[in-house]
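What follows draws every value from the coordinates through simple rules; no lab data is involved. The shown structure was predicted, so the numbers you read here are calculated from the model rather than taken from an experiment. Because the Cβ atoms are built from the backbone with ideal geometry, glycine has one as well, and the counts that use them run over all protein chains shown.
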Amino acid sequence: MIKITDRVMGMEYAIRDVLVAAKQLEKQGKKILYFNIGDPVAYGFETPEHVRRALYEATNKGYNGYADSQGVLPLREAVCEREKRVNGVDLTPENIIVTSGTAEGINFLFGAIVESGDEILVPGPAYPQYISIPKFYGGKAVTYRTIEEEGWKPDLDDLRKKIKKRTRAVVLINPNNPTGAHVDESGIKEIVDIVTERRVLLISDEIYDQLVFERKGFSTAAIAKDVPMIVMNGVSKTYVAPGWRVGWMCFHHPNGELDELKDSLMREARIRLSANAPCQYAAAEALRGPQDHIPVLVEELKKRRDIMIKRFNDIPGLSCVKPEGAFYAFPKVAMHKKKWKDDKEFVLDLLKETGVLFVYGSGFDPTYGSGHFRTVILPPIEMINEAMDKLDTYMQSKK
């Protein structure tokens, strides 16, 4: 009797959608090996002790009421200090908006700039929220090609070609979710040159910026200098605190070019009241306190990545480009074998037969994600090998 809107009925989030089938099988007694969600806590990694202590102290100090809608000042100041220390970028607290994770920031941003018929250019494949949320607001996400054979490097000619009259922004996710690709300094510079030439907003998602394996990470704002852009970040990944839901948007606009946009996002922020108050104070301590857990985390992820990628590439019918950052890999399935009609059927059939849960690649983009699946590289080595053994047996049975 209640009509549900088309904008909600059309929403998808493959990372959690696959859980429905997994939970049903689990209720029937099947053991499930979860490789679907980018939550380091779920695989035994711990939020640094001094950060957890800061949360306890924040609650004891009485920071349990509503916070400033823009975010508590200590956190916004800590973000500025962090950007200066890590990236050499100058910011002021007035140009930071704290959000309930980067997900809320993405929602705020597209709610402010996307109307019916507008387009957002995102890398293909991309984190699903960058595809679903523009659609929710009546717009469309257009994916620009990334080249698998070149480590999922952005195809700059394709990016340039796809910027149209209704393009409102270009998104760069670096390192990338789901591929783990890491765009280097020269690649960022070329993307910046394109968006500057075409006069569109650049959105740089840098939530995995310190989780880079072989080389130094690069800040888009540090390379772009005076180009107006918005940088997204938070404590979920590097600081192992995804459940805290603390993220932020940094407005880089030396001449105030984004003042009107920032004002519109503050209107949205005030409507939702505030992000989690005590977690914001603890997040400030995460940014200011010891950072020695980061190289340990990176080294452990690198070890697990190397084992997993070797296993994938040793299995007939699979191949996988080695990710350079984040904690994902994006293997390719030999779909031409005609054993499955698409990558979603592959993932669900694998789940049913083996209990190993991945995420189908088309959930990250029907065009450039098709024929692939995403895995996290977070699980312990024993779990990785158990899943790879099951996957190997499964693929052998499909010859």
- M266 paired with D184, simple spin-label distance in nm, labels 7 Å along Cα-to-beta-carbon: 4.1
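Give K237/K399; K225/K262; K23/K140; K23/K237; K165/K262 a once-over and call out the pairs whose C-alpha atoms are over 30 Å from each other.
Pairs exceeding the cut-off: K237/K399; K23/K140.
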- Item | Point-to-point label distance, V296-D158, nm (Cα→Cβ direction, 7 Å offset) | 4.0
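Once fully extended, how much extra length lies between I4 and D259, figured as 0.36 nm per residue of separation less the alpha-carbon to alpha-carbon distance?
88.2 nm
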- Taking only the alpha carbons of region 263-375, the radius of gyration and the largest Cα-Cα distance, Dmax, both in angstrom, are 20.0, 54
- In the Gaussian network model of the chain, springs joining C-alpha atoms below 10 Å, which of Y130, Y56, Y360 carries the largest mean-square fluctuation? Y56
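Over the chain, what is the percentage of antiparallel beta bridges among all DSSP beta bridges, to the nearest 5? Walk me through the numbers on the way to the answer.
Working: 20 of 40 bridges.
The antiparallel fraction comes to roughly 50 percent.
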- Message: Tell me whether region 220-315 comes out rounded, prolate or oblate; compute the Cα gyration tensor, take square roots of the eigenvalues as a ≥ b ≥ c, and use a/c under 1.5 as the rounded threshold.
- Response: prolate
- Work out how much length A334 to K225 would gain on full extension: take 0.36 nm times their residue separation and subtract the Cα-Cα distance, in nm to one decimal. 34.9 nm
- Item | Student exercise, region 49-288 dipole from Lys, Arg, Asp, Glu Cβ charges, in Debye to nearest 20 | 460
- Under the rule of -39500 (n - 2.57) per DSSP H run of 4 or more residues, summed and divided by the residues of the chain, what mean residue ellipticity at 222 nm is obtained, to the nearest 500 deg cm²/dmol? -13000 deg cm²/dmol
- Note on the structure: So K322 and D306, fully extended at 0.36 nm per residue minus their Cα-Cα distance, gain in nm 5.0 nm
- In degrees, nearest 10, range 0 to 90: what is the angle between the Cα axis of helix 381-397 and the longest Cα principal axis of the chain? 50
- Estimated FRET transfer efficiency when R0 is 30 angstrom, pair T92-V41 (beta carbons, to 0.05): 0.40
- Could you tell me the convex hull volume per residue, in Å³, taken over the Cα atoms of region 1-153? 240
- Message: Over the chain, with a Gaussian network built from C-alpha contacts below 10 Å, which listed residue (Y368, Y13, Y127) shows the highest mean-square fluctuation?
- Response: Y13
- Message: Could you tell me how far the Cα centroid of region 58-96 sits from the Cα centroid of region 100-156, in Å?
- Response: 27
- Item | N313 versus E26: modelled label distance in nm, points set 7 Å from Cα along the beta carbon direction | 3.3
- Cα-based helix-to-principal-axis angle, 14-27 vs the chain, degrees rounded to 10: 50
- Of all the Cα-Cα pairs you can form in the chain, what percent are over 41 Å apart? 12
